[in-house]
Amino acid sequence: MIARLLLVVLVILNLSAAAWWLFHRDTAMATTVGANAVPALQLADAAHAPTATTTQAATIPADAVCASFGPFADATSAEQARQQLRAQAIRVDARQVAQSGRGYDVILPPEQDAAGAALLDKLKAAGIKDMFVIRDGADANGVALGHFGSPDGAQRRVAELQGKDFQPHVRPGGQALFWLDVAAAAGFDPAQVRDAVHATHGERVACPATSG
């Protein structure tokens, strides 16, 4: 009887030792795998998400001269002017202003043998009136031949011009215009710079308040 009891106790002890060994083996393996594990996959959108950055605006001195130049008909001409102004300015900010009103603009783009004033003279010789030369933008040196509130009015103007061997195109009115706001050192003269950057307007304005 005693021998049988001892046998049962030995079996229980052996089973307990085996269970303890298996448990600690699994724990050790899990720890090793965790230490050498490959980093978790990151979603493509998260991996390539842009990091937010803060740009420190240039400080505007108390005696600075501020001015606004424009309007520029498109972003390309505004960027070209901005690059020119950067050489003389402390700060150049671009802003976009939507034109009020809607409608249709009739435009005659520059020709190979005539642009700007020469194209204007050619139109006048053909008896065309009510027009002006476009100074900047995609149609620079072309001629604006009227703004119309309806497509029918614009089409009549186009037909008139086509009857005199001109090929104008119609552009939707009300497109956005671009302005450049400049802060420069004392002595900066907007009037001298205006023509160089092909801006119709270039006047002094109040400088924006700066927080300090």
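In table form, for the structure just shown:
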{"read-out": "Test set (1) crowded, with 16+ Cβ neighbours inside 10 Å; (2) modelled with pLDDT under 85 - Ala183 fails condition number", "value": "(2)"}
{"read-out": "In segment 153-180, residue nearest to Met131 (Cα to Cα) [restricted to those that are of a type in the set (D, E, K, R) and modelled with pLDDT of 90 or more]", "value": "Arg157"}
{"read-out": "Which listed residue, of Pro172, Pro190, is closer than 30 Å to Val65 by Cα and not aromatic (Phe, Trp, Tyr)", "value": "Pro190"}
{"read-out": "Some residue of segment 110-129 being at pLDDT below 80, in a loop (DSSP other than H, G, I, E, B) and in the same structural domain as Ala196 (by TED's automatic domain parsing)", "value": "no"}
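The values are calculated or read from the model by the stated rules, or taken from the named source; none is laboratory data. Since the model is a prediction, treat every value here as computed from it, not as a measurement. A quick note on method: Cβ atoms are made from the backbone with ideal geometry, for glycine too, and the neighbour counts reach across all protein chains shown.
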